[in-house]
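The values are calculated or read from the model by the stated rules, or taken from the named source; none is laboratory data. Predicted model, so just to flag it, every value in this text is computed and none were measured. So basically every Cβ, Gly included, is an ideal-geometry build from the backbone, and we count neighbours across all protein chains shown.
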């Protein structure tokens, strides 16, 4: 038998086999590795956050309230009902905080024309994101967190830092503009214009602490921003919740074992 004949015979067998074979889909579920093992915890304590930035939103209180509400609906852990700690003040009492500023600090700065750099628009007396980081020494105080955990029966403790602040961005923005040709046909073309935009930036750092020994188990950092036309007046609290909605799925993912669902096609 020639090579061509063998090939034709093989194709014939494949076609015959395909005619006698049925295909069916099987649903499968592949578990993903969780961010941290919470199986040994029965309770979770949202202790509070070292917060700074805008005074229009109490980021410590609002973040604690939001996470408690979400965890009651999306977690099997018992959410401890306790007062939110004023961690910024506690951290300052423990020796945290920025170095004193010199008199030579600049009075402020504005974005350069055409620049896309983010510039804070608070007064110099407000806390910067770098200032907030200097209070993070409190999270290394194992004794403090161990004592707190003992008070609430060794829960998983969620804490961290929250920086929420207004900011501005000026630069070239691409938008779509409708134009008509000589035949009256409409089409859209990109158009670049220089705009001043204002909005808010949210930069949280979530820290998970073992309440039984005060050690840090896991740390997760995020940064989100939202911008509006300079003429638009959007309340700070509304922007805060909009930004938190973007990162909540990632934070809640630390409290449950997620899985990827799909299908596989099998022969029968």
### Query
Is one or more of the residues making up segment 12-26 out of contact with any helix residue (DSSP H, G or I) (no Cβ under 9 Å at 6 or more places or on another chain) and modelled with pLDDT of 80 or more?
no
### Task
Inspect segment 168-180 for any residue being under 30 Å from residue 135 (Cα atoms) and either modelled with pLDDT of 75 or more or in contact with a strand residue (DSSP E or B) (Cβ under 8 Å, 6 or more places away or on another chain) (or both) and give the result as yes or no.
yes
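Residues checked against (1) under 24 Å from residue 46 (Cβ atoms); (2) within 28 Å of the chain's Cα centre (by Cα); (3) in contact (Cβ under 8 Å) with a residue 24 or more places away in the chain:
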{"residue": "189", "(1), (2), (3)": "no, no, no"}
{"residue": "201", "(1), (2), (3)": "yes, yes, yes"}
{"residue": "212", "(1), (2), (3)": "yes, yes, yes"}
{"residue": "215", "(1), (2), (3)": "yes, yes, yes"}
{"residue": "222", "(1), (2), (3)": "yes, yes, yes"}
{"residue": "233", "(1), (2), (3)": "no, yes, no"}
### Task
For segment 228-247, name all the residues that are at pLDDT below 90 and farther than 14 Å from residue 54 by Cβ.
228, 229, 230, 231, 232, 233
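Determine which member of the set 261, 192, 187, 198 is assigned to a strand (DSSP E or B), exposed (fewer than 12 other Cβ atoms within 10 Å of the Cβ) and at pLDDT 75 or above.
Going through 261, 192, 187, 198 in turn, the sole match is 187.
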### Query
Looking at residue 225, is it closer than 23 Å to residue 38 by Cα, modelled with pLDDT under 95 and part of a strand (DSSP E or B)?
no
### Task
Return the residue satisfying two criteria in turn: it lies in segment 52-110 and is at positive phi and part of a loop (DSSP other than H, G, I, E, B), and of such residues it is modelled with the lowest pLDDT.
108
### Message
Considering only residues that are over 22 Å from the mean Cα position of the chain (by Cα), assigned to a strand (DSSP E or B) and at pLDDT 65 or above, which ones fall in segment 28-46?
### Response
43
